Amino acid sequence: MSIASGDDINADDMTASLVAQIAADSPLSLARYIEIALSTASAGYYQSSDPFGQKGDFITAPEISGLFGEMCGLFLAHMFELGQTPEETASGHQKPAIIECGPGRGTLMADMRHVWEQLMPDLTACPVHLIETSPYLRTLQEQALPDAVIHWHDDLSALPAAPLYGIANEFFDALPVAHAICRTGIWRHRLVTATPALGFVEGKPLTDAELEMWRLDTNNSGPSQEGDDMATPLDGAIAESCALGEDIMRSLAAHIARFGGAILIIDYGKTDNRGDTVQAVAAHKPVDLFYQPGQADISHWVDFGALAACANAAGARLVGPVEQGSFLTQIGLKARAEQAAAHADPEMRRALLAAYDRLVSPAQMGSAFKVALLVPQGDGTPPGFVTHNAKTESSTRQDR
Ligand code: SAH
């Protein structure tokens, strides 16, 4: 039996179906396994349940505190203002649109719109385009955004011809990722098999085209000679590739390059594709990747280096990434949290300060989570994206 993403199967059947499918056909790519586990209708992880919050499997930043959405909303309002050059305003063309990729419960968009209502009503009036494949989460988003004009999309093929302002928080990490494994100097596909239990197996070597796509050394011809290139990967080294994430970034970037706008990309991540970063989590605890597919969240650390290369190739620019703690601090989260705490009762004050700490502290979300900004090509550093080196560079420039 083979499982299509639109199939309607019971959660208990998923492992048996996967095993049968692999036995009948061949091992699956890890990306296809993750796609089935997360997106198969009704049994897929995101399709019929609400995984967020204390009672769910994980908590995202917008679910920790409304402060997160407020700050992101303020930042985007500022980018919107900067984007409105006098010529553009005078030519009066193209009303912008708002976009969110993977809106979850809709909490982040509701918090951003709350800020816009007060400071930037023009943005509240813009249509909201939500990229969301889960029918169940779409119903929650509709409830969370009662006053918004919402257009839902399964993918990015029908975006409006307009500048886009928006956000993708913990979206790219949820997309299926594939693995390659290095054996005696040769990169091979790392696949999912059934023996009969689900597990990994090594497949064919990557072709030259695949090596290039994965940004791996195109010399896939076995172990290097003694004293050869230091960068030769160790036996068993793993590399990752998220083809869907790269496609989505290329579409967003082409759109931003053509029509303008600014999109925040926030996720746990790094700037390379080395190492096995795939994790499965259920009820806030790590579980085996192959334990009850469809019952656990499966995610990976986003490769911001790959996303930046896609943005560039499509004619746009990905600024950053910088650490979430640094970004939120630079755009004024501390002052906003203190201001809110000053008007709160003691219990609320404690909750606000705990949320602040959780969002910015390096031991919590502050370091692992990164923030990048997709904008049209150009230079200059937007607020929030100044790094220590950039500070030194600009002061050196002034000194000269
Ligand atoms: N941004 C939210 C939720 C993140 S969870 C928050 O911060 O709380 C990931 C979200 O992406 C969910 O809404 C999920 O249904 C959606 N999603 C996952 N894969 C998707 C895909 N291929 N296309 C569109 N949406 C997807």
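So G320 fits all but one of (1) at positive phi; (2) out of contact with any Phe, Trp or Tyr (no Cβ under 7 Å at 6 or more places or on another chain); what number is the exception?
Here G320 clears every test but (2).
Could you please find all residues in the stretch 118-130 being outside any loop (DSSP other than H, G, I, E, B), out of contact with any helix residue (DSSP H, G or I) (no Cβ under 8 Å at 6 or more places or on another chain) and buried (at least 16 other Cβ atoms within 10 Å of the Cβ)?
Hit for the stretch 118-130 is H129, nothing else.
With respect to R105, is the statement that it is within 14 Å of the ligand (Cβ to nearest atom), open to solvent by 10 Å² or more (accessible area, probe 1.4 Å), part of a loop (DSSP other than H, G, I, E, B) and at pLDDT 90 or above true?
yes
If H151 meets every condition in (1) open to solvent by 10 Å² or more (accessible area, probe 1.4 Å); (2) in a strand (DSSP E or B); (3) away from the ligand (no atom under 16 Å from the Cβ) apart from one, which number is that one?
Here H151 meets the rest and fails (3).
Scan Q84, Q47 and give me the residue that is crowded, with 19+ Cβ neighbours inside 10 Å and at pLDDT below 75.
Unique residue meeting the criteria: Q47.
So which strands (runs of 3 or more DSSP E) stay within the stretch 154-207 end to end and still have 2 or more residues that are within 20 Å of F304 (Cα to Cα)?
Once the strands (runs of 3 or more DSSP E) in the stretch 154-207 are filtered for at least 2 residues that are within 20 Å of F304 (Cα to Cα), what remains is 164-169, 178-183.
In this structure, does F68 turn out to be crowded, with 17+ Cβ neighbours inside 10 Å, closer than 30 Å to P127 by Cα and at pLDDT 85 or above?
Details: crowded, with 17+ Cβ neighbours inside 10 Å: yes; closer than 30 Å to P127 by Cα: yes; at pLDDT 85 or above: yes.
Yes; evaluated as a whole, the condition is true for this residue.
Restricting the search to the stretch 15-31, which residues are in a helix (DSSP H, G or I), farther than 14 Å from G199 by Cβ and open to solvent by 60 Å² or more (accessible area, probe 1.4 Å)?
A16, A24
Are there any pairs with C-beta distances below 7 angstrom linking a residue in the stretch 161-183 that is of a type in the set (S, T, N, Q) to a residue that is modelled with pLDDT of 95 or more, with the two at least 6 apart or on different chains, and if so which?
That search, which allows pairs on different chains as well, returns N169/L108; N169/I266.
The values are calculated or read from the model by the stated rules, or taken from the named source; none is laboratory data. Since the model is a prediction, treat every value here as computed from it, not as a measurement. Here the Cβ is made from the backbone with ideal geometry for all residues, glycine too, and neighbour counts use every protein chain on show. Heads up: the accessible areas ignore ligands, DNA and RNA and are worked out on the full protein's heavy atoms, side chains in. Shrake-Rupley method; radii C 1.70, N 1.55, O 1.52, S 1.80 Å.
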